[in-house]
Every structure is written in structure tokens, then in C-alpha cells.
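Worksheet: one structure, shown below.
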Amino acid sequence: MNPTGNDEHAGSWIDEAVREHQAPLVRYATRLVGGDEERARDVVQDTFVRLLKQPPEQVNGHVVEWLYTVCRNRAMDVLRKEGRMRAFAEGEVEKVTTGEARPGRDLEAEERREAVLAMIDQLPANQQEVIRLKFQNGFSYKEISRITELSVSNVGFLIHTAVKKLRQEMAMQRP
């Protein structure tokens, strides 16, 4: 993704950003707004509207990070306005959807995945968020730090603590 100041290319990088990041942003925002996918879609739409208003040179090189930061801030604004600052997740298992069929996955792998997602849902909200940003969205510690406004060392600590807890839980579930 290479935003330029050139008008004929301006729409193409925005289109590419929407195509590549809309679905993951909706999943991320859905978790932030307590599972309400319609509210999440509104948050993501507003995020992309704000991207349209940005001078390309201000987001060049960090569009993805910018999108997640704005999306997170908009989701928090929505929750504050509604007066419902709830925890990230209240025991709901996150469903990761894709338009492609999932051939070759057996029942055991699916059960393991669901068990891990359920364990993630039991983590504190701040650990859930950094785990999802790291492992579902592939952000670096530094990018997560900028998105969440936590220090890089705090992000590392939260991820380390969450992974350690998940490993312990998984070890206890093995026969």
C-alpha cells in the first residue's frame, strides 16, 4: 500500500486498504464493542471515512497501524457515548469467518481452536486485546504499543503473561 499525493492513484490505495483491512477491522471492533457487529461496522466505516480525509503523506508507511488506532479510539468513543463501558468480552467465543471453505480441518483441530478462543475470553481485557492484535492481526509489540497507548515493555509483559496462562490452561486440559 503506497499512498501518494497523485489524485489518479489516491482512490486506489484507499480501495486497497478497504479490501485488505475491512474484515479484520470489523472483527477487532466487534470485540471492542461487546460483540455487536452492526456497531462495529459503523465504527469501521467511520474509520475509513477518516482515512479518506487524511493527507496521504501523513499515513504513508503506517496505514494499518493508523487504521487500528483510529478504529480502537472510535470504538471507545462509541462505548463512552452509550455509557456502557463493558469488558471486552463476556464469555463469547470469537468466530473468525472467511469466504473460503475450510477443507482438511478435522474435528479435533476445531475443538482445540475453540478451546483456545474460550481460554482467551477468560483472560483480562487488556491481555485479550494485545493477544488478538499480536496473533490474529500480526502486529509487532511496537505497533501494539502505539495502538493501545501502552509502553512496549507493558505490551510484552501482557503478552508473556497471557501466553504463560494459556499454556498452563492447555496443559491442564490434556489427558
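Express in nm, to one decimal, how much length is gained between GLU111 and HIS160 on full extension, taking 0.36 nm for each residue of separation and deducting their alpha carbon distance. Spell out each step's value before the answer.
Values: separation 49, 0.36 × 49 = 17.64 nm, distance 2.40 nm.
Full-extension gain reported as 15.2 nm.
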Quiz prompt | trypsin sites (Lys or Arg not before Pro) lying in DSSP loop within region 22-86, provided at most 16 other Cβ fall within 10 Å | solution = ARG84, ARG86
Quiz item: When the chain is fully extended, how far beyond the present Cα-Cα distance does GLN173 get from GLN54, taking 0.36 nm per residue of separation?
Solution: 38.0 nm
Practice problem: Provide the gained length on full extension for the span SER140 to ALA118, in nm with one decimal, where the gain is 0.36 nm per separating residue minus the Cα-Cα distance. | Solution: 5.6 nm
Quiz item: How about LYS134: which lysines have a C-alpha closer than 20 Å to its C-alpha, ignoring those fewer than 8 places off in the same chain?
Solution: LYS95, LYS142, LYS164, LYS165
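Values quoted throughout were computed directly from the atomic coordinates according to the rules given, and no laboratory measurement underlies them. Quantities reported herein were computed from a predicted structural model and do not represent experimental measurements. Ideal geometry is used to build each Cβ from the backbone, glycine not excepted, and the neighbour counts take in all protein chains shown.
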